[in-house]
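To start, the structure under review is shown below, and the notes come after it.
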Amino acid sequence: MAGLPLSFAEPLLLLGLLSLPVLWWLLRVMPPRPRRIEFPPTRLLFDIAPKEETPSRTPWWLTLLRLAAAALVILAAAGPIWNPQTGIAASKLPLVILLDDGWSSASSWDARIRAADELVADADSDRRGVALVPLSEPAR
């Protein structure tokens, strides 16, 4: 889908669209079950023709509706993103880094600092403003 501003969070789920022909075949082969109407065993009722008859095949519009619903479920599960960002450096807006510096972040502190350093370096090379907001003191 080159050139379109559309991306998917889980693009491998789009392979589920390949199962739609199998689903179409199953819907065509297996018609809906005929409705069973129980009548009391009287002689007069045996001669009455039923008002509605169950078709031997599923109507084409119902099959199309079911396939469209299945395709929409697959597309929704793939997580479509309209106009995705290609990276943090894609915009010229100032960068705000919210840094969790509480005691619970001590186990991954080095990774957090490295990631923040990379983001600040990228913003500096793009001549963008940077704001660092520590989250340990909410009043600040």
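Numerical summary
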quantity	calculated
Verdict on L93 being more than 30 Å from L135 (Cα to Cα), modelled with pLDDT of 70 or more and loosely packed, with under 12 Cβ neighbours inside 10 Å	no
Output for the stretch 120-138, where each listed residue is surrounded by 14 or more Cβ atoms within 10 Å (Cβ to Cβ) and at pLDDT 90 or above	V120, V130
Top-ranked residue of the stretch 26-68 - restricted to ones that are surrounded by 10 or more Cβ atoms within 10 Å (Cβ to Cβ) and modelled with pLDDT of 85 or more, ranked as farthest from L12 (Cα to Cα)	L62
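The values are calculated or read from the model by the stated rules, or taken from the named source; none is laboratory data. Since this is a predicted model, take the numbers as computed values, not measurements. Because the Cβ atoms are built from the backbone with ideal geometry, glycine has one as well, and the counts that use them run over all protein chains shown.
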